[in-house]
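For reference, the structure is listed below as structure tokens.
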Amino acid sequence: MSTQAPEKRLFIKTYGCQMNVYDSERMTDVLRPLGYRLTDAPEGADLVVLNTCHIREKATEKVYSELGQIKRMKAARAAEGGSMLVAVAGCVAQAEGAEIVRRQPAVDLVVGPQSYHRLPELIARAHRAAGEALAADFAPQDKFDALPSDRAPAGVTAFLTVQEGCDKFCAFCVVPYTRGAAAIEVEARGLAAQGVREITLLGQNVNAYDDGEGGGLAALIRRLAEVPDLARIRYTTSHPRDMDEALIAAHGEVEQLAPYLHLPVQAGSDRVLKAMNRGHTAEHYLRLVERIRAQRPDIALSGDFIVGFPGEREADFEATLDLVREAGYASAFSFKYSRRPGTPASAMTGQVADAVKAERLARLQALLEEQQQAFNDAQIGRTLPVLFEKPGRRDGQVAGRSPYLQAVHCNGAKSLIGQIAPVRIVAATRNSLTGEPVLATA
């Protein structure tokens with residue numbers, strides 16, 4: 001007769017990208033057999049995990065600041081006769097390694113992105129005081145092979161990692177690793193069987209996916225489109241250099257592939273793009289968008305922009321504004337360049353003054369917000385299929401997403417959650433749409 005593990009409280013704080021959201025979900029799956037259940041606050045938790053991201057400015061220092069607060073909670077728990085394990089996972093764990101334990105002795109475990117499947121083993125060793133606190137560098141194949149095949153999705157949408165790391169960017173990132181298409185399909189089928197209607201394929205450079213047998217992302221998407229009850233497929237994040245013709249064609253031919261594309265460009269000046277080592281020009285990007293829209297005219301385009309990169313002149317910034325006007329965005333993310341020690345850009349001449357970066361960012365964001373509002377306004381009067389995900393903020397309201405990833409809310413029964421239903425759009429703000437369910441007629 002099996003015995004159930006006593007219930008323990010697990011708190012996970014997730015920093016950064018969607019891939020970290022996925023990893024946090026899988027950590028929860030891995031720890032569930034040990035009796036861990038999620039709690040929404042670190043106070044009183046038996047295990048606290050900080051799943052970190054190294055991309056944003058001062059990310060490491062933010063983690064240490066958070067650890068200082070958790071150290072006090074851990075001490076308070078010990079004073080009450082209890083215990084709290086503290087783990088740091090993710091990219092900061094990989095980049096900092098043993099330095100984390102040295103700087104903050106309250107940390108019991110350091111687990112890199114490729115090793116969180118070993119959490120049960122590491123927790124057991126920590127409880128036995130065996131002394132192994134570090135697992136930052138393990139073969140990625142071990143991770144995916146060791147994860148439980150079943151997942152417990154939190155709703156009707158889910159992330160699904162297909163690739164980790166990339167071969168173009170930061171030295172601190174995880175090594176490139178691509179999952180096989182068969183394993184991805186098995187996971188997708190399991191999610192769909194549990195009511196997931198939409199999946200987002202994740203990778204630092206997801207459109208460079210190659211299963212090792214000549215199958216790229218387009219082939220994977222076509223394969224997943226055959227999964228019963230899987231109504232929508234998305235993918236992020238893309239690089240213009242790897243947007244091949246097969247993937248472009250899939251946007252026009254695969255019904256389940258949502259009409260939304262996040263395709264970062266970062267800048268509209270070829271001078272700046274070359275300094276960034278992006279490997280493409282503004283013209284290449286614009287013609288790429290043109291070809292994609294020829295396949296899917298209604299596609300919602302999203303992008304990333306960095307203003308004030310070292311050496312950026314006013315003419316370079318104006319070129320970015322020109323690109324935005326020509327491409328036309330439904331949504332976008334834009335940031336001031338942040339000087340990060342150790343990166344090639346930090347040593348470049350021509351660092352742009354903060355006041356200039358702030359002024360340029362304000363001008364860029366005003367243009368992007370104008371485009372986003374115009375795209376949302378264009379949906380008024382249309383009837384869109386909305387995937388309802390959760391109750392709305394008000395009583396009697398439900399909320400979901402349009403095919404273009406816009407937030408949509410309307411009055412309706414909770415029974416709509418998990419369904420895709422037609423909604424007539426009656427109003428729009430920059431960040432969301434308001435609609436009315438279209439009732440079926442006999």
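Values quoted throughout were computed directly from the atomic coordinates according to the rules given, and no laboratory measurement underlies them. Keep in mind that this is a model prediction, so the values were computed, not measured. All Cβ positions, even for glycine, are placed from backbone atoms using ideal geometry, and neighbour counts span all protein chains on display.
Just a few scattered comments:
- Over segment 234-390 - Rg/Rh using Cα atoms and the Kirkwood inverse-distance radius: 1.00
- Listed values [x] 27.2; [y] 21.8; [z] 24.7, entry calculated as mean projected area of the Cα convex hull in nm²: [z]
- Every helix of 4 or more DSSP H residues in the chain counts as -39500 (n - 2.57), and over all residues that averages to -10500 deg cm²/dmol at 222 nm.
- Long hydrophobic helices in the chain: the complete DSSP H runs spanning 15 Å or more by Cα along their own axis with mean Kyte-Doolittle hydropathy of at least -1.0 are 18-31, 59-79, 181-193, 282-295, 314-327, 354-377.
- Put simply, when 232-238, 98-104, 421-427 are sorted by average Cβ atoms within 10 angstrom per residue, most first, you get 232-238, 421-427, 98-104.
- Summary value for segment 200-315: 25 percent relative contact order, contacts being C-alpha pairs under 8 angstrom separated by 6+ residues.
- Counting only DSSP beta bridges with both residues in the chain, the antiparallel share comes to about 35 percent.
- Cα-based reach from Lys62 at 18 Å (exclusive), listing lysines while leaving out same-chain residues under 8 positions away: Lys13, Lys71
- Residue among Pro403, Pro264, Pro105 with the largest mean-square fluctuation in a Gaussian network model of the chain, springs linking Cα atoms under 10 Å: Pro105
- Glu185-Ala79 FRET efficiency (beta carbon distance; Förster radius 41 Å; 0.05 resolution): 0.20
- Based on C-alpha pairs under 8 angstrom that are at least 6 apart in sequence, the chain has a relative contact order of 8 percent.
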